[in-house]
Amino acid sequence: MNRIKVIVPIAMDEAGVANRAQQLPSDFVRPDFAPTFEAVRWGAALGDSYHDTLLMDWTVFQAGVVAEEEGYAGVLIDTVSDSGLWPLRSVLSIPVVGPGEASFAAAMTLGKKFSVLTMWPQWFPLYEKVLNQHGWEHRCASVRSIDTRPDVTELLEGKEEVVFAKLKAEALRAIEEDGADVIVLGSTTMHQSAAYLQGELPVPVLNPGQVAYKQLETLIELGLSHSKKAFPSPEVPMHANIRKGWY
């Protein structure tokens, strides 16, 4: 069995973690894989500021640093910000995948330009970071939001009637006004809207958590992981001290 550690970047209770785990239903997961969602123990609340992005990078790194020692076959980061992605690749030999990198790369194989559709503009810097890191800005038609404060634990449950219509309207603007031919959801917390939008829009809609998860399954099956030339290991690792840094 290939166990996959899925790190939720916001501290929350079991119910909140269960809501996020619904993005990977049992029939979506291959029989020989077992994803386990685990929230960080402390840290950011909303990812709405550079304060929060720093905490997300650090706490995701803390949560994943010993994943290989724990027997996991891979690590999936449950945020399009790809928090802690490159630092984790530097200390782990098992593959580590982030939804931002994975879904943006997939979008570029499906169309010429993609737009990121998100909940509120406070998350724009998260996408700018990933786009700038990879030099993909020229393939992004736009980043659009519905200017609605997100709920990172209950997600979109009970808000479908209002939120889904807003997302559809903004996605159509991205397609018609910005030239997007692929839509990427800007958060794994938006996964409940993916099927609706795919049925309503004339272009592919990427659910980032699912795209990233399938990429990770494929890497594990192929026996591939990130290059240690690109992500060299530290000469003096501090795993024990990092783990002691829990708050």
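The values are calculated or read from the model by the stated rules, or taken from the named source; none is laboratory data. Not measured: the values here are computed from a predicted model. Every residue, glycine as well, gets a Cβ built from its backbone with ideal geometry; the counts of neighbours run over all protein chains shown. Heavy atoms of the whole protein, side chains included, go into the accessibility calculation; ligands, DNA and RNA do not. Shrake-Rupley method; radii C 1.70, N 1.55, O 1.52, S 1.80 Å.
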- Query: Any idea how many residues of region 218-247 are assigned to a helix (DSSP H, G or I) and either touching a Gly at 6+ places or on another chain (Cβ under 8 Å) or hydroxyl-bearing (Ser, Thr, Tyr) (or both)?
  - Reply: 3
- Task: Have a look at Leu92, Leu88, Leu76 and point out the one that is touching a Gly at 6+ places or on another chain (Cβ under 6 Å) and closer than 30 Å to Glu235 by Cα.
- Result: Leu88
- Taking only region 85-126 into account, find how many residues are among the hydroxyl-bearing types (Ser, Thr, Tyr) and in contact with a helix residue (DSSP H, G or I) (Cβ under 6 Å, 6 or more places away or on another chain). 2
- When residues of region 46-58 are limited to those that are open to solvent by 30 Å² or more (accessible area, probe 1.4 Å) and without any contact (Cβ under 8 Å) to a residue 40 or more places away in the chain, the one nearest to the chain's Cα centre (by Cα): Asp57
- Quick one: which residue in Arg144, Arg149 is over 21 Å from Asp57 (Cβ atoms), in contact with a Lys or Arg (Cβ under 8 Å, 6 or more places away or on another chain) and assigned by the TED database to the domain that holds Ser193? Arg144
- Across region 65-74, which residue is farthest from the chain's Cα centre (by Cα) among those that are within 18 Å of Phe33 (Cα to Cα) and open to solvent by less than 10 Å² (accessible area, probe 1.4 Å)? Ala67
- Message: I'm checking my understanding of the structure. Among residues of region 33-42 that are of a type outside the set (Lys, Arg) and touching a residue at least 60 places away in the same chain (Cβ under 8 Å), which one is least open to solvent (accessible area, probe 1.4 Å)?
- Response: Phe33
- Find the residue count for region 75-106, including only residues that are crowded, with 24+ Cβ neighbours inside 10 Å and acidic (Asp, Glu). 2
- Note: among Arg20, Arg30, just one is among the basic types (Lys, Arg) and open to solvent by less than 60 Å² (accessible area, probe 1.4 Å), namely Arg20
- Query: Which residue, of Asp151, Asp147, is closer than 22 Å to Gly47 by Cα and either open to solvent by less than 70 Å² (accessible area, probe 1.4 Å) or in a helix (DSSP H, G or I) (or both)?
  - Reply: Asp151
- Mind listing just one residue for me: the one in region 120-139 that is over 17 Å from Asp82 (Cα atoms) and either in contact with a Gly (Cβ under 9 Å, 6 or more places away or on another chain) or in contact (Cβ under 8 Å) with a residue 12 or more places away in the chain (or both) and, of those, least open to solvent (accessible area, probe 1.4 Å)? Trp120
- Filtered residue count, region 177-203, keeping only those that are surrounded by 17 or more Cβ atoms within 10 Å (Cβ to Cβ) and closer than 19 Å to Ser115 by Cβ: 18
